[in-house]
Amino acid sequence: MAAFDKLVPPTQGTKITVKDGKLVIPDNPIIPFIEGDGTGRDIWKASNRIFDAAVAKAFGGKRKVAWFEIYAGEKANQVYGPNTWMPADTPKAVQEYVVAIKGPLTTPVGGGFRSLNVTMRQVLNLYACVRPVRYFKGVPSPVRHPERMNIIIFRENTEDVYAGIEFQQGTAECNKIRDFLKQELKVGPKLRDDAGIGIKPISPTGTKQLVRKAIRWAIAKKLPSVTFMHKGNIMKFTEGAFKDWGYECATQEFRDYVITEAELWDQAMASDGVTPIEKPGAFAQLRNGKPAGDSGGRIVVKDRIADSMFQQILTRADEYQVVCTPNLNGDYLSDAAAAQVGGLGMAPGANIGDFTALFEATHGTAPKYADKDVINPSSLVLSGCMMFEYLGWDEVANLIYRAMEATINQKRVTYDLHRLIEGATKLRTSEFASAVIENMK
Ligand code: NAP
């Protein structure tokens, strides 16, 4: 049992543990939560009520979460003293109790602080940023068929230009790197003398641990395809290598479960000379979210270049189910995809390592609305749904999904959706939570 400086775990619950490579979930799991700064307080209160109501309804009192408050951000300063944004207790508690959930945190400005979220991801080696994007009927969308989007993005969380290996233009360090590149590695005039320099590390270790998670997800959820999104045509030894290591992992470690798009093509050509896309019914198959051709029930592993992927999610979103991609691509894609189904207020997320998982609202603290009871809690609520699915409590998640959809369909929404839906009733954050609970059937 970890020793904490100021945290006192609840006495009523039981710890989630890992045994023989699997999570062991008790009926009364202790789950740490970080309320979050600013509007985090509003959305946590609302979400917490929804979670408890859904668990009670789904299991008739047999199961119950023992919530355990831990601290980061402004509240950590109050509890642990000034200038303590991320006390050592906090990542220690997440590690010890395996699964946790958090609201948004202020990024402290100046003083060399890194984002608290990035710190948590790195300290706990939460290498996969997982962002499901699906449409809820009734949510206003800028596209004609938002319902065609139902993807889950696995974004690498620890490497790429996010590794923070950067050298400021004009500094001695930057000049040293530039001289090394020019003199030792003979990099020519394409590296300007007055450039700042950033390093983009991508490794087979980082890539394959992500790809395993994405393929295991596709296997568990019986999804038809996994797509590597990359910019390997330009960045061959980073993004291109990501794609190659991805295929290597898929075909070496999951051979019985996968077929590559190229294999599917060759197989079709060898049998009758007709490509999968020319076969009768190919387009209907694609429209049903199935890759064209006969995959024999296996997951089709394919890759797409990043710029084309941005077009494809707009025009043919239903051809993609699991997308696996390096850090920066994933950052852009997650927000662009979320915009298609109603924006960040509706987008859930999680950072997951081998077992440790931290579920989080994807938007920021929206400080101007703090404590006003107006903000949309859906992002945190849906992150909670992901968390319940991670625990194997799908009944709870499904109850919330249905109730949220019903509430939005009744046009009972918070201010952000109210301004977009004609004839809607504007609810406070707490009222929206009550409406969702009322609609749990
Ligand atoms: P933000 O807090 O996400 O808010 C920007 C705007 O987005 C809000 O003013 C609001 O727009 C809309 N919005 C965000 N969440 C909403 C919700 N739940 N319901 C309805 N509308 C919502 O972004 P920011 O102002 O750039 O960042 C504020 C702080 O949050 C910064 O300290 C930043 O570092 C931090 N941050 C934290 C996280 C995190 O913890 N994961 C993520 C991003 C940013 P309208 O005013 O137009 O209605």
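The values are calculated or read from the model by the stated rules, or taken from the named source; none is laboratory data. On a predicted model such as this, the values are computed, not experimentally measured, just so you know. Ideal geometry is used to build each Cβ from the backbone, glycine not excepted, and the neighbour counts take in all protein chains shown. The protein model used for the area step is the full one, side chains on, heavy atoms only, and it has no ligands, DNA or RNA in it. Shrake-Rupley method; radii C 1.70, N 1.55, O 1.52, S 1.80 Å.
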Interatomic Cα distance distribution for segment 145-223, bins of 5 angstrom, percent: 3, 12, 15, 14, 12, 10, 10, 7, 7, 7, 2
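Taking only the C-alpha atoms, wrap a convex hull around segment 50-96 and report its volume per residue in Å³ as a whole number.
On the way: hull volume 4.1 nm³, N = 47.
Spelled out: Cα convex hull of segment 50-96, divided by residues, is 87 Å³.
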Provide the net charge surrounding residue 341, with neighbours chosen by a C-beta distance below 15 Å and charges set as Lys +1, Arg +1, Asp -1, Glu -1. 0
Using alpha carbons only: equivalent-ellipsoid semi-axes of segment 1-149, gyration tensor based, whole Å: 27, 24, 16
Global geometry of segment 237-329, whether rounded, prolate or oblate, following the gyration tensor of its Cα atoms and the 1.5 cut on a/c: oblate
FRET efficiency for residue 287 and residue 389, using Cβ-Cβ distance with R0 set to 30 Å, rounded to 0.05: 0.70
Can you tell me the length gained on complete extension of the stretch residue 52 to residue 402, counting 0.36 nm per residue apart and subtracting the Cα distance? 124.4 nm
Which percent, nearest 5, of DSSP beta bridges in the chain are antiparallel? 40
State the percentage of accessible surface on segment 341-441 attributable to carbon and sulfur atoms; use a 1.4 Å probe and exclude ligands, DNA and RNA. 50
Given the whole protein assembly as supplied and a 1.4 Å probe, what does the accessible area of residue 425 come to in Å², nearest 10? 70
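Translational diffusion coefficient of the chain at 10 °C, 1.306 mPa s, Stokes-Einstein with Kirkwood Rh over Cα pairs, in µm²/s as a whole number. Before the final figure, lay out each step's value.
Details: Rh = 23.4 Å.
In µm²/s, the coefficient is 68.
What relative contact order, as a whole-number percentage, does segment 210-354 give when Cα pairs under 8 Å and 6 or more residues apart are counted? Each step should come with its number before you reach the end.
Working: 182 pairs, mean separation 48.7, N = 145.
Answer for segment 210-354 is 34 percent.
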For segment 359-441, what does the alpha-carbon gyration tensor say about shape, rounded, prolate or oblate, given a ≥ b ≥ c as the root eigenvalues, a/c under 1.5 as rounded, and a/b over b/c as prolate? oblate
Bins of 10 Å, starting at 0 and running to the largest distance - Cα pair percent for segment 198-356: 10, 37, 38, 13, 2
Could you work out how far the C-alpha centroid of segment 348-373 sits from that of segment 155-171, in angstrom? 23
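For segment 166-281, would you read off the P(r) tail past 18 Å as a percentage of all alpha carbon pairs?
66
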Overall dimensions of segment 1-44 as given by Cα atoms, namely Rg and Dmax in Å: 13.8, 40
Percent of accessible area on segment 10-79 owned by carbon and sulfur, 1.4 Å probe? 49
Answer rounded, prolate or oblate for segment 270-414, using the Cα gyration tensor with square roots of eigenvalues a ≥ b ≥ c: rounded when a/c is under 1.5, else prolate when a/b is larger than b/c, else oblate. prolate
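To the nearest 500 deg cm²/dmol, what mean residue ellipticity at 222 nm is calculated for the chain from DSSP H runs of n ≥ 4 alone, each contributing -39,500 (n - 2.57), summed and divided by the residues?
-12000 deg cm²/dmol
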Residues of type lysines that residue 186 reaches as a straight line, Cα spacing below 23 Å, ignoring anything fewer than 8 places off in the same chain: 176, 200, 236
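Rule-of-thumb check for segment 278-357: C-alpha Rg over 2.2 N^0.38 Å? All intermediate terms of the calculation are to be shown ahead of the outcome.
On the way: Rg = 14.9 Å, N = 80, 2.2 N^0.38 = 11.6 Å.
Relative to the rule-of-thumb radius for its length, segment 278-357 sits at 1.28.
For the chain, with every protein chain kept in place, what is the accessible area per residue (1.4 Å probe, Å²)?
46
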Rounded to whole Å, give me the distance from the Cα center of segment 1-31 to that of segment 59-126. 16
Let me cross-check residue 305: its accessible surface, 1.4 Å probe, with only protein heavy atoms counted, in Å² to the nearest 10? 50
I'd like the antiparallel share, as a percent to the nearest 5, of DSSP beta bridges with both residues in segment 1-153. 50
Rounded to the nearest Å, what's the spacing between the alpha carbon centres of segment 379-406 and segment 220-261? Just the number, please. 29
Give me, ordered by chain and number, the residues 5 or more places off residue 102 or on other chains with an amide H under 5 Å from its own placed amide H. 34, 359, 360, 361
Solvent-accessible area of residue 394 with every protein chain in place, 1.4 Å probe, in Å² to the nearest 10: 50
Which of 414, 385, 437, positive extreme of dipole for segment 376-441 (C-beta unit charges): 414
Run through all the Cα pairs of segment 114-180 and give the fraction in each 5 Å bin from 0, expressed as whole percent. 3, 13, 15, 12, 10, 11, 15, 7, 5, 5, 3, 0
